[in-house]
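> I am attaching a structure below and will ask some questions about it afterwards.
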Amino acid sequence: MKGLRARPAVERMEPYAPAESARAERPVRIKLDSNENPYGPSPRVLEALGEFSTYHHYPDPDQKELRRLIGGYASVDSDRLMVGNGSDELIDLLCRLYLEPGDEIIDCTPTFGMYRFSAELCGGELIEAARAEDWTVDMSAVRAALSPRTRMIFVATPNNPTGNMVSTETVYALLELGPLVVLDEAYVEFSGQESWCSRAVQYDRLVVLRTFSKWAGLAGLRVGYGVFPSSALQHLWKIKPPFNVNLAAEAAVRASLEDLVLLQSRVHCIVAERERMAAGLGSIDGLRVWPSLANFLLVGTPPGRAAELKAHLAGSDIAVRAYNHPRLADAIRITVGRSEDTDAVVRSLEQWAEERSGLGGKRPSGRQSGIR
Ligand code: PMP
């Protein structure tokens with residue numbers, strides 16, 4: 001019997017590859033492969049979810065209260081906001097809004113996989129503009145990737161997995177090219193830099209995406225938002241599934257924004273821990289740590305050793321991310337966790353380095369990471 005045929009775009013596309021631990025049968029002891037917040041949600045979120053009593057109602061499809069609260073947090077007019085089931089959904093809606101089969105998006109690679117996923121699902125083509133050696137966006141590569149079919153240019157800032165931000169001048173240069181520029185600021189709270197959110201309203205070809213998944217620890221409840229040009233919003237409201245953000249997520253946003261001091265102090269701990277982990281890993285022979293303004297570090301391994309490092313860490317029940325992208329063949333990404341997680345990662349990789357240098361598990365004299 002012949003099976004039903006899917007749309008050609010779907011038959012062609014590769015599935016998205018989430019971190020392996022998301023599908024694991026047994027929880028990993030130290031889960032550092034998904035850029036999650038190790039502290040979880042605010043305790044007020046847990047209380048609010050338990051006390052909320054009208055889960056049998058549908059949420060407000062216009063997201064009025066949510067947009068008012070988020071507008072206050074992000075200093076943006078709530079009329080320019082839309083909230084998604086994670087920022088993933090907003091990437092999907094943008095592709096559905098703008099891409100006809102054969103239309104193109106530009107990705108500044110290596111980068112987050114959902115831009116490709118959502119574009120290809122719509123029959124769009126992904127054109128790669130390779131980042132420079134230091135991972136900065138290469139404007140000459142972006143210009144070379146541009147074609148009459150380019151509809152959007154996606155730039156994550158800080159970029160996942162390289163951790164660096166796009167400069168203001170580059171954003172201006174991108175805006176001059178014509179297609180819609182989508183700045184994905186999923187990790188901006190860890191950067192100490194100003195978001196483009198409040199500036200975005202001045203441009204008719206700029207979208208800024210943000211999320212509660214990382215800084216507020218709500219990844220499992222799925223709340224992202226975007227600042228969009230009015231011309232896009234007019235259609236986005238038509239195509240958004242009416243009840244895309246559920247009432248638990250809405251209650252969690254409300255409670256998180258009432259507990260900003262605590263959540264921001266956790267962000268500061270993660271940032272401090274990032275620097276401590278960078279110093280600890282940077283002193284291990286064979287590893288190269290890229291500077292990061294996000295809640296993860298991209299760590300360069302000796303040639304051909306990324307899978308070995310990942311497996312070594314898995315032996316200590318620590319999950320990290322490795323990649324298929326050729327430019328990341330010799331790299332792993334490690335999410336910044338609590339300080340005991342940093343200690344465990346550094347200890348495990350020191351042990352790997354010692355075994356590799358043939359010292360049979362003994363620390364070379366005179367070299368201490370300073371991280372315990
Ligand atoms: N953008 C980037 C750059 C990300 O790394 C992620 C999550 N890994 C997302 C967006 C998706 O965030 P959300 O959980 O809001 O869908």
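The values are calculated or read from the model by the stated rules, or taken from the named source; none is laboratory data. Please read all numbers here as calculations on a predicted model, not as lab measurements. Cβ coordinates were reconstructed from backbone atoms using ideal geometry, including for glycine residues, and neighbour counts include every protein chain displayed. All accessible areas refer to the heavy atoms of the entire protein, side chains included, with ligands and DNA or RNA removed. Shrake-Rupley method; radii C 1.70, N 1.55, O 1.52, S 1.80 Å.
> What net charge do the residues around Ala22 carry, taking every other residue with its C-beta under 12 Å from that of Ala22, with Lys and Arg at +1 and Asp and Glu at -1?
Once all neighbours under 12 Å are counted, the net charge is -1.
> Is it possible to state the helix-based mean residue ellipticity at 222 nm for the chain, with each DSSP H run of 4+ residues giving -39500 (n - 2.57), the sum divided by total residues, to the nearest 500 deg cm²/dmol? What is it?
Mean residue ellipticity at 222 nm (helix-derived): -11000 deg cm²/dmol.
> Of all DSSP beta bridges located in the range 169-303, what percent are antiparallel, nearest 5?
That works out to approximately 60 percent antiparallel.
> Tell me the label-point distance for the pair Ser53, Asp77, using the 7 Å Cα-to-Cβ offset, in nm and rounded to one decimal.
Taking the simple label geometry, Ser53 and Asp77 are separated by 3.9 nm.
> What is the range 1-101's relative contact order, in percent, from Cα pairs under 8 angstrom and six or more apart in sequence?
Result for the range 1-101 is 11 percent.
> Moving on to the next point. Taking all protein chains together and a probe of 1.4 Å, list Cys108, Cys122 from the most accessible to the least accessible.
Cys122, Cys108
> Please report the net charge: other residues with Cβ closer than 14 Å to the Cβ of Pro41, K and R +1, D and E -1.
0
> So for each of 61-70, 19-28 I average, over its residues, the number of other beta carbons within 10 Å; can you give me the resulting order with the highest mean first?
61-70, 19-28
> Mind checking the dipole of the chain: about its Cα centre, +1 per Lys or Arg Cβ, -1 per Asp or Glu Cβ, Debye to the nearest 20?
520
> So, in nm, how far is label Val10 from label His235 when the simple model puts each one 7 Å beyond its Cα toward the Cβ?
In this crude label model, Val10 to His235 measures out at 2.2 nm.
> With a point put 7 Å past each Cα toward its Cβ, work out how far Glu340 is from Val261 in nm, to one decimal.
2.7
> Calculate what fraction, in whole %, of the accessible area of the chain sits on carbon and sulfur atoms when a 1.4 Å probe is rolled over the protein chains.
52
> Here's a follow-up. Put Lys240, Lys214, Lys31 in order of accessible area, largest first, 1.4 Å probe: what do you get?
Lys31, Lys214, Lys240
> Multiply the residue gap between Arg347 and Arg29 by 0.36 nm, knock off their C-alpha separation, and tell me the result in nm, one decimal place.
113.0 nm
> I would also like to ask the following. Count the DSSP beta bridges whose two residues both fall in the chain, then state the antiparallel fraction as a percent rounded to the nearest 5.
So the antiparallel bridges amount to about 45 percent of the total.
> Rounded if a/c is under 1.5, else prolate if a/b is larger than b/c, else oblate: which is the range 113-206, with a ≥ b ≥ c the root eigenvalues of its Cα gyration tensor?
Rounded, since a/c falls under 1.5.
> Going down the list Lys64/Lys214; Lys214/Lys238; Lys31/Lys240; Lys31/Lys214; Lys214/Lys310, which pairs span over 26 Å between their C-alpha atoms?
With Cα atoms farther than 26 Å apart: Lys214/Lys238; Lys31/Lys240.
> Calculate how steeply helix 87-98 sits against the longest principal axis of the alpha-carbon atoms of the chain, using the helix alpha-carbon long axis, and give the answer as 0 to 90 degrees to the nearest 10.
Orientation of helix 87-98: about 50 degrees from the principal axis.
> Kindly express, to the nearest 10 degrees and within the range 0 to 90, the angle between helix 64-74's C-alpha long axis and the longest C-alpha principal axis of the chain.
On a 0 to 90 degree scale, this one is about 50.
> Within 13 Å, Cβ to Cβ, of Pro61, how many net charges do the neighbouring residues add up to if Lys/Arg are +1 and Asp/Glu are -1?
0
> I'd like the accessible area for Ser167, computed on protein heavy atoms only with a 1.4 Å probe and all protein chains in place. Round to 10 Å², please.
Only protein atoms counted, so the area is about 50 Å².
> Taking only the Cα atoms of the range 26-124, how large is their convex hull per residue, in Å³?
Each residue corresponds to 202 Å³ of Cα convex hull volume.
> For the chain, what relative contact order do you get, as a whole percent, if you take Cα pairs closer than 8 Å and at least 6 residues apart?
RCO, the chain: 21 percent.
> Could I ask something else about it? Let me know the shape class of the range 176-271, please: from the alpha-carbon gyration tensor, a ≥ b ≥ c as square roots of the eigenvalues, rounded when a/c is under 1.5, otherwise prolate if a/b is greater than b/c, or oblate.
oblate
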